[in-house]
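The values are calculated or read from the model by the stated rules, or taken from the named source; none is laboratory data. None of the values given here were measured: they were computed from a predicted structure. Cβ sites come from the backbone with ideal geometry, for glycine too, and all protein chains shown count toward neighbours. Accessible surface is based on the protein model in full, side chains and every heavy atom, while ligands, DNA and RNA are left aside. Shrake-Rupley method; radii C 1.70, N 1.55, O 1.52, S 1.80 Å.
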Amino acid sequence: MSQTILIVEDEARLAEILEEYLKREGFKTERAKDGKRALELWRSAQPDLILLDLMLPILDGFEVARHIRAESSVPIIMLTARDDEVDKLLGLGLGADDYVVKPYSPREVIARMKAVLRRSTGLLSQVDSYTVGNIDIDLGQYVARCNGKEIPLTASELRLLAALAKTPGVVRNRLELLAAAGDSDTFTDERSIDAHVKNIRKKLGDCAEQLETVRGVGYKLRAIS
Ligand code: CA
């Protein structure tokens, strides 16, 4: 079954070019030219991945990502016009799985997309699940739960949490976690891991205390909070 990609882009020509390339690669596509329509299509078409422009009419890409991330960990690749938007993007911790800076080549976008899709579906073959205290992680379904309630993590965040869950109570340093997040394009240094852990902790809610900082070393996931 072919995967559906939601293209959110207000510049018609750019959207058309992307759509053309994606169709040639065997993807199904949906197109939205503003943020409101993007949210409608996200709900109705249930895309496998979203290409999301940042500067959009009605609701911008930041708002769209915030809405989606509150409920879903569908892969999102941000299309940004400027490097300073990337800083804002990372600073806000909206949980984009990757980003591409304009002007981009459609070929580059598709390469990034395939990498993200591989990462989010590639683990299906090696079904693993971990339970640490009140946190359950199911890598088969790519979902994490706190007291049975789904935690809206991005794919990278889930991998990072899973890396900690594999060795409960053991301190993992930032470099190990960087490797586990498996996303050298988005998370290029150790500081990005700190930002990441901060986001995960926020999303963990009642289970946040289980994720412990070990000063000067790294992080660990404890069974009992
Ligand atoms: Ca735009």
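Convex hull over the Cα atoms of region 126-221, averaged projected area in nm²?
With every direction weighted equally, the projected area is 5.5 nm².
Among 42-49, 143-150, how do they line up by average Cβ neighbours within 10 Å per residue, starting with the highest?
42-49, 143-150
Anyone know which of GLY35, GLY26, GLY133 comes out most mobile in the 10 Å Cα GNM of the chain?
Comparing GLY35, GLY26, GLY133 in the GNM, the peak value goes to GLY26.
Carbon and sulfur atoms: what percent of the 1.4 Å accessible area of region 28-72 do they account for?
Ligands and nucleic acids excluded, carbon and sulfur reach 47 percent.
When only Cα pairs under 8 Å and 6 or more residues apart are kept, what is the percent relative contact order across the chain?
14
Suppose accessible area is computed on protein heavy atoms with a 1.4 Å probe; arrange SER129, SER105 from highest to lowest.
The residues order as SER129, SER105, largest area first.
So how many Å³ per residue does the convex hull of the Cα atoms of the chain work out to?
114
Using amide H atoms built in the peptide plane, which far-off residues or other-chain residues are under 5 Å from ILE76 H to H?
Amide H neighbours of ILE76: ILE50, ASP97, ASP98.
Taking the chain as the reference, fit the longest principal axis to its C-alpha atoms, fit the long axis of helix 12-24 to the helix C-alpha atoms, and give the angle between the two in degrees, 0 to 90, nearest 10.
That works out to roughly 70 degrees.
Roughly how many whole Å is it from the C-alpha centroid of region 17-74 to that of region 103-179?
Answer, in whole Å: 22.
For region 5-98, what does the convex hull of the Cα positions come to per residue, in cubic angstrom?
Considering the Cα atoms of region 5-98, their hull volume per residue is 86 Å³.
So for THR213, THR29, what's the accessible-area order with a 1.4 Å probe, most first?
The ordering from most to least exposed comes out as THR213, THR29.
Ignoring ligands, DNA and RNA, what percent of the 1.4 Å accessible area of region 126-221 is carbon and sulfur?
Whole-percent figure for carbon plus sulfur exposure: 45.
How much FRET efficiency would the formula 1/(1 + (r/R0)^6) give for SER105 and ALA223, where r is the Cβ-Cβ distance and R0 is 41 Å, rounded to 0.05?
0.30
Normalising by the residue count of region 4-122, find the relative contact order in percent from Cα pairs under 8 Å and 6+ residues apart.
About 23 percent, as a whole number.
With a 1.4 Å probe and all protein chains left in place, how much accessible area per residue does the chain have, in Å²?
48
Which entries of LYS23/LYS202; LYS36/LYS102; LYS88/LYS202; LYS23/LYS203 show an alpha-carbon separation above 30 angstrom in the structure shown?
Violating the 30 Å Cα-Cα cut-off are LYS23/LYS202; LYS23/LYS203.
Which aspartates and glutamates, if any, have their Cα less than 12 Å from the Cα of LYS149, not counting same-chain residues under 8 positions apart?
Counting by Cα, and skipping residues close in sequence, LYS149 has these aspartates and glutamates nearby: GLU71, ASP136, ASP206.
Counting only DSSP beta bridges with both residues in the chain, what percent are antiparallel, rounded to the nearest 5?
50
Report the residue, chosen from ASP87, ASP128, ASP194, that carries the largest GNM mean-square fluctuation when the chain is represented by alpha-carbon nodes joined by springs under 10 Å.
ASP87
Per DSSP H run of n ≥ 4, the term is -39500 (n - 2.57); total these for the chain, divide by its residue number, and report the mean residue ellipticity at 222 nm rounded to 500 deg cm²/dmol.
-12500 deg cm²/dmol
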